[in-house]
Amino acid sequence: MKLITRNTDYALRALCYISKHKTVVTVDELVEKLGVPHSFMRKILQQLNKKEILSSFKGQGGGFKLKIPPARIYVIGIMRIFQGQIELSSCFLKKDVCPNKGKCALRKKLRLIEKNMFMRLKRITIASLV
């Protein structure tokens with residue numbers, strides 16, 4: 001299990017880079033500076049634009065800029081955009097309904113870890129990473 005996927009990692013790296021710059025940042029600049037494939041970066045930036053985290057500018061001198069302050073962009077929110085709901089305590093058997101769900105000792109322990117992890121992730125912002 002990966003806690004942070006490749007797309008989330010690329011998005012966080014891009015947001016940190018963009019937050020350091022007051023001007024519009026191009027896709028080509030991000031690709032060059034971060035070493036991320038162009039096709040991935042473009043799709044990630046489009047998703048962040050769609051979620052209104054970034055503003056996009058077209059044409060000559062176009063690119064992307066933060067739409068909201070980096071102190072209001074939380075890592076957990078970016079994770080949910082690219083990974084959906086994050087659950088450590090989902091059944092490892094991948095069954096829809098686990099017959100042992102209510103009594104599973106491991107699931108109870110994982111729920112506690114999950115609660116602690118989310119509490120900590122909710123405090124991390126792009127501003128705190130830069």
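The values are calculated or read from the model by the stated rules, or taken from the named source; none is laboratory data. Please read these numbers as outputs of a predicted model, since none were measured by experiment. Cβ sites come from the backbone with ideal geometry, for glycine too, and all protein chains shown count toward neighbours.
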message = Against the condition loosely packed, with under 12 Cβ neighbours inside 10 Å and part of a helix (DSSP H, G or I), how does Glu52 come out, does it pass?
response = no
message = Among the residues of region 97-114, are any at pLDDT 80 or above, touching a Lys or Arg at 6+ places or on another chain (Cβ under 7 Å) and surrounded by 11 or more Cβ atoms within 10 Å (Cβ to Cβ)?
response = no
query = Does region 48-67 include one or more residues that are modelled with pLDDT under 95, of a type in the set (Ser, Thr, Tyr), more than 22 Å from Gln83 (Cβ to Cβ) and under 18 Å from the mean Cα position of the chain (by Cα)?
reply = yes
query = If you check Asp9, Asp28, which single one turns out to be among the acidic types (Asp, Glu), without any contact (Cβ under 8 Å) to a residue 60 or more places away in the chain, within 30 Å of Leu106 (Cβ to Cβ) and not in a loop (DSSP other than H, G, I, E, B)?
reply = Asp9
message = If I ask for residues that are surrounded by fewer than 14 Cβ atoms within 10 Å (Cβ to Cβ) and assigned to a loop (DSSP other than H, G, I, E, B), which ones from region 31-49 would you list?
response = Gly35, Pro37
